[in-house]
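Everything on this sheet refers to the single structure shown next.
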Amino acid sequence: MYTALASVAIVGGTAAGTVYVKAQAHSGAGTVSSAASSPAASAASPSSASSEEASVEPVAVPTVDHDALLADAMDAVTVPDDADVSVAVLDLDSGDSATYGDAAFDTASIVKVDILATLLLQAQDEDRSLTAAEKSYATTMIENSDNASASALWRIIGRAAGLDAANKRFGLTDTEGGDGMLWGLTQTTAADQLTLLQQVFGDDSKLSGASRKYLRGLMGQIATGQHWGVSAAADGSSWALKNGWLPRSATGLWDINSIGRVTAADGNDYLVVALSDGNATKEKGISLVESAVRAAVSVFVRERSEASASATAR
């Protein structure tokens with residue numbers, strides 16, 4: 001606001017100086033050129049006074065620490081002693097994001113989005129369409145979370161080596177494919193999964209428009225029994241997601257994860273990631289990630305609501 005005012009003052013000062021010089025010329029006190037070049041005229045002119053006004057230093061607009069706001073929001077989320085959770089959110093409208101927690105987690109079945117994104121990228125490189133078999137595997141893998149289909153596509157993409165190579169191009173820096181056929185034990189972070197979602201739902205992507213549309217479409221048709229996780233932050237049924245759940249044999253505790261896009265109550269779209277482990281039961285893990293995604297989205301919904309109220313008050 002101050003910068004704009006300063007610009008107006010400079011423009012206004014210039015205009016005022018011009019009027020002054022023209023008035024001098026008209027009255028015979030001197031030519032336009034001599035009046036403009038005279039130190040006395042410059043000192044007395046309204047332009048000089050206006051320039052002084054224009055010298056006010058611009059005031060920087062304060063930045064919002066969304067990570068801190070998310071941390072505050074997460075204080076209201078009850079996390080059991082043995083459990084851990086990390087969450088990340090991106091406001092697709094503003095491009096602002098926030099992340100809570102930087103630990104690595106098992107992906108469980110959310111890696112299936114990464115597997116299909118890798119397959120689509122490889123197919124683009126080969127300038128080919130997916131085969132009928134690949135499409136069948138992709139549909140059941142994403143919509144029904146079918147493990148046999150995931151294993152088939154894991155082999156086709158070259159297992160961890162293929163996944164890691166694609167992720168490097170996607171911009172993921174802290175994700176490592178699982179050993180052998182253990183794709184569900186791929187390690188990742190909430191920040192990396194947010195980057196992956198941007199490849200699927202954003203425009204600046206290594207995936208073609210057709211590839212992104214195809215993957216988004218499958219994530220929007222998840223089987224009825226899997227309508228949980230990030231969809232808890234959606235206003236109605238406007239969401240696309242992939243969930244992951246995995247009981248660890250060594251501890252009996254559950255990994256519960258959810259990633260996807262939601263349209264929230266404010267009408268804006270958000271990419272959301274919630275990763276957790278150490279959950280006593282699947283149900284408790286689902287409750288935890290749903291509380292986390294609601295907290296994450298609420299940071300931006302509240303900010304936009306407050307900004308709107310402030311603008312109305314002015």
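The values are calculated or read from the model by the stated rules, or taken from the named source; none is laboratory data. All figures in this text were calculated on a predicted structure; none of them were measured in a lab. Neighbour counts are summed over all protein chains in view; Cβ atoms, including those assigned to glycine, are modelled from backbone coordinates with ideal geometry. Side chains included, ligands, DNA and RNA excluded: accessible areas come from the protein's heavy atoms. Shrake-Rupley method; radii C 1.70, N 1.55, O 1.52, S 1.80 Å.
Using the structure shown, decide if residue 225 is in a loop (DSSP other than H, G, I, E, B) and either open to solvent by less than 30 Å² (accessible area, probe 1.4 Å) or farther than 30 Å from residue 125 by Cβ (or both). Let's see the steps before the verdict.
On the way: in a loop (DSSP other than H, G, I, E, B): no; either open to solvent by less than 30 Å² (accessible area, probe 1.4 Å) or farther than 30 Å from residue 125 by Cβ (or both): yes.
Criteria not met by residue 225.
Would you say residue 298 is open to solvent by 10 Å² or more (accessible area, probe 1.4 Å) and farther than 16 Å from residue 96 by Cα?
It is false that residue 298 is open to solvent by 10 Å² or more (accessible area, probe 1.4 Å) and farther than 16 Å from residue 96 by Cα.
With the structure loaded, tell me whether residue 88 is within 17 Å of the chain's Cα centre (by Cα) and hydrophobic (A, V, I, L, M, F, W, C) or whether it fails that test.
Details: within 17 Å of the chain's Cα centre (by Cα): yes; hydrophobic (A, V, I, L, M, F, W, C): yes.
So residue 88 passes the test.
How many residues does segment 237-264 hold that are of a type in the set (A, V, I, L, M, F, W, C) and either closer than 14 Å to residue 184 by Cβ or open to solvent by 10 Å² or more (accessible area, probe 1.4 Å) (or both)? Reasoning before the result, please.
Step one: list which residues in segment 237-264 are of a type in the set (A, V, I, L, M, F, W, C), which gives 239-241, 245-246, 250, 253-254, 256, 259, 262, 264.
Among the residues that remain, those that are also either closer than 14 Å to residue 184 by Cβ or open to solvent by 10 Å² or more (accessible area, probe 1.4 Å) (or both) are: 239, 245-246, 250, 253-254, 256.
Here the count works out to 7.
When segment 175-206 is examined, which residues are found to be crowded, with 18+ Cβ neighbours inside 10 Å and outside any helix (DSSP H, G or I)?
Those that are crowded, with 18+ Cβ neighbours inside 10 Å and outside any helix (DSSP H, G or I): 175, 177, 178, 186, 188, 189.
Within segment 97-129, can you find the residues that are exposed (fewer than 15 other Cβ atoms within 10 Å of the Cβ) and of a type in the set (D, E, K, R)?
102, 125, 126, 127, 128
Sort out which residues of segment 82-96 are open to solvent by 10 Å² or more (accessible area, probe 1.4 Å) and of a type in the set (D, E, K, R), and write them in order of number.
Once the filter is applied, which keeps residues that are open to solvent by 10 Å² or more (accessible area, probe 1.4 Å) and of a type in the set (D, E, K, R), segment 82-96 yields 82, 84, 93, 96.
Only residues that are in contact (Cβ under 8 Å) with a residue 12 or more places away in the chain and within 15 Å of residue 222 (Cβ to Cβ): list them for segment 237-255, please.
238, 239, 240, 241, 242, 243, 244, 245, listed by residue number.
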